[in-house]
Every structure is written in structure tokens, then in C-alpha cells.
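Step one of this worksheet: look at the structure below.
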Amino acid sequence: DGRPLVKYDGVWYPLVIRPLLSIQKYFKAKDSDIILTSFPKSGTTWLKALTFSIVNRNDLNISLLTSNNPHELVPFLEFDLYLHQENPDLQHISCPRIFSTHIPFKSLPESIRESECKVIYICRNPLDQFISHLHFFLENTKTNYSRPLFELDEYFGMYCQGIHPFGPICDHMLGYWDGHLENLNKVLFLKYEDLKQDTAFHIKKIAGFLGYPFSVEEEKQGVIEEISRLCSFENLKNLEVNKTGHIGVVKKSSFFRKGEVGDWTNYLTPAMAERFENMMESKFEGSGLMFNI
Ligand code: A3P
């Protein structure tokens, strides 16, 4: 989209190097913290809404989801919180603190890896991520976009080379995958497509992982289904709070586009998909991680 990226420690960052260094230096994770991690456009907003609802379900706070965008309830370490110059360690926020970040696993502040805090990672079919990201930037930049295919081709070429905010995407996924395999109780690894397929199952899984399991009584009362409905794409997209206004320079509405699996087929050719698939297969070989494109 024309904005500069900076390569640091093998990762392409969208000019968040100063916040990154600041967070690495000052952020002190607490054992009760919950850190939601993702590659951009992989379902971060959805995961924020779900986690916030699960953790706050016995509290009136859950209704905050209807009056706030999920990104206002769960701030990004590198975009939102770095501005807390007076309290850079963020100890003043009440517990359990829920934060999010796109920072790769290997670059997380040490205290996140060393404390008992929980990390949830969500990823997505990289081709859907690519298309979602393209729309997100078109929506948030002033250009009137109707670019011919060769430019899409050019963007895609860069994507395959890893030149993308927080890219390369396969390294990002592998980093969290390895972190998950190293400590299953510490890092939960989720896929957007699985969440779509069985949301209720994953709400239970997230709740159990975080130490907030549902009681039999809650299950009977339909609490899981209610959380699923509250956080659904249709519900969030149609909330007044998500239709207008901005978070920083980003339109709140741009976090809710189609919410579908496989939208890439409307934009990318089979040859492009094959190119990415081959690259991904060789990257993931032997890791146990895979994506059906
Ligand atoms: P699309 O552009 O394919 O529609 P992120 O939250 O990481 O920025 O990712 C945004 C993507 O997640 C967008 O995908 C958006 O529409 C989708 N999304 C947002 N909220 C969702 C929800 N509640 N359920 C499913 N998908 C959602």
C-alpha cells in the first residue's frame, strides 16, 4: 500500500520498531495475563471478542462488547499501549489483563515466555489472509482502488517473499506452532477455519485452556451459544459501535468485511495458489503444521 516496512531481526515491521523495543524492555507479564497473538487479518478481532466474553461472562462487563469495538476492549501492545509513557510497564491495568500483539513468538518480551501467562495464537489460510489484508489497506488508504491484475501479481510476489507487515507469514505461524508444541499448556494454537467450523467447541476449548471452564449449569443455560452469537461476524458487524468511527487511523468497520473461508478464489489464480502452496509445504515440512488451501 506504499507505506514503508522496516526489516528487523528477519521480520518486516510496519514502523513499530520503537514500540517493539519499548515493549521488550518494559513490559512485565503477570501470571494471570492473557496474550492474544496473530498475524494481521487472521481473526484477531473475533478472538478478542470471544476471549473478552469468556473471561467476563459472569460480570456485567460482557455488555461492554455491544458498546465498544473489540480492539478497544483488548488493546494491542505495539499499537495502543506503547503510548503509556508514564506507566510503560502497564502494571496499573486491572487483572486479568488481556492484551494482543502481532509480534512473532521469538520476539515476544521475555516475561511473556517466562511467566505463567497464557498465549493464544490464531492463524488463517495465508491466501485468505492476503486478500483480507489487501482490502483492509484499500479501505484505510485514500486511494480509489481499482488496480489491474498485474499489480495484484506484484503484491502477491512480495507476499511470497515475505515482504508484508510482520512477515514472512509462514515463519510467524511456525514460530507459534513450535512454541505450542514446546508447551501445550502455555500456547494454544487455533485456526480461523476450525473456529468457523465449530465455534462452540472452540469457545469451550479456549475457556478450558484459560482456566475459565464452563460449568454444567452454564452449558445447560446456553451460555456458550450466547457467546458464540454475541461474537459472531453478523452480530459484531451490525453493531452501531462497529459501523462508524475510527481507532487511530483505522476505520472500525474495516475489521468486518466478509468473514468467509476461501474468498481468495475470487481474486487469485490457481497458479498463484500453487506457487504459495509449494512454498508453504517446503517451509512446513516435518513440522506437523499444514493448511489445506
Ligand atoms: P475478511 O477480510 O476475509 O472478511 P483481523 O481481526 O485479524 O484483523 O482479521 C479480519 C478478518 O476477520 C476479516 O476477514 C474480517 O471480516 C474477519 N472477522 C472479523 N470479525 C469476525 C467474526 N466475528 N467472525 C468471523 N470473522 C470475522
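The values are calculated or read from the model by the stated rules, or taken from the named source; none is laboratory data. Computed from a predicted model, the values in this text were never measured in an experiment. Here the Cβ is made from the backbone with ideal geometry for all residues, glycine too, and neighbour counts use every protein chain on show. Each accessible area value is taken on the protein alone, full model and side chains, heavy atoms only, with ligands, DNA and RNA left out. Shrake-Rupley method; radii C 1.70, N 1.55, O 1.52, S 1.80 Å.
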Residue 291 being closer than 20 Å to residue 159 by Cα and either at pLDDT below 95 or within 11 Å of the ligand (Cβ to nearest atom) (or both): yes
When residues of the range 136-148 are limited to those that are part of a helix (DSSP H, G or I) and open to solvent by less than 60 Å² (accessible area, probe 1.4 Å), the one modelled with the highest pLDDT: 136
Residues of the range 107-123 that turn out to be of a type in the set (D, E, K, R) and near the ligand (Cβ under 8 Å from one of its atoms), as a count: 0
Pair list, Cβ < 7 Å and 6+ apart or interchain, from the range 219-239 residues that are closer than 11 Å to residue 50 by Cβ and within 11 Å of the ligand (Cβ to nearest atom) to residues that are part of a loop (DSSP other than H, G, I, E, B) and aliphatic (A, V, I, L, M): none
Residues within the range 259-272 that are in contact (Cβ under 8 Å) with a residue 24 or more places away in the chain, surrounded by 13 or more Cβ atoms within 10 Å (Cβ to Cβ) and within 16 Å of the ligand (Cβ to nearest atom), tallied: 6
Only listed residue being more than 14 Å from the ligand (Cβ to nearest atom), assigned to a helix (DSSP H, G or I), small (Gly, Ala, Ser) and out of contact with any Leu (no Cβ under 9 Å at 6 or more places or on another chain), chosen from 179, 157: 157
Selected residue [within 16 Å of the ligand (Cβ to nearest atom), in a loop (DSSP other than H, G, I, E, B) and surrounded by 14 or more Cβ atoms within 10 Å (Cβ to Cβ)] from 164, 133: 164
Cβ pairs under 8 Å, 6+ apart, first in the range 275-288 and more than 16 Å from residue 177 (Cβ to Cβ), second aliphatic (A, V, I, L, M) and part of a loop (DSSP other than H, G, I, E, B): 276/293; 277/293
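Residue-by-condition table, conditions (1) within 22 Å of residue 98 (Cα to Cα); (2) in contact (Cβ under 8 Å) with a residue 12 or more places away in the chain:
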{"site": "164", "(1), (2)": "no, yes"}
{"site": "174", "(1), (2)": "no, yes"}
{"site": "180", "(1), (2)": "yes, yes"}
{"site": "186", "(1), (2)": "yes, yes"}
{"site": "191", "(1), (2)": "yes, yes"}
{"site": "197", "(1), (2)": "no, no"}
{"site": "217", "(1), (2)": "no, no"}
Selected residue (only one of 17, 34, 54 is away from the ligand (no atom under 15 Å from the Cβ), open to solvent by less than 10 Å² (accessible area, probe 1.4 Å) and not acidic (Asp, Glu)): 34
Test for residue 220: is it modelled with pLDDT of 95 or more, of a type outside the set (A, V, I, L, M, F, W, C) and open to solvent by less than 30 Å² (accessible area, probe 1.4 Å): no
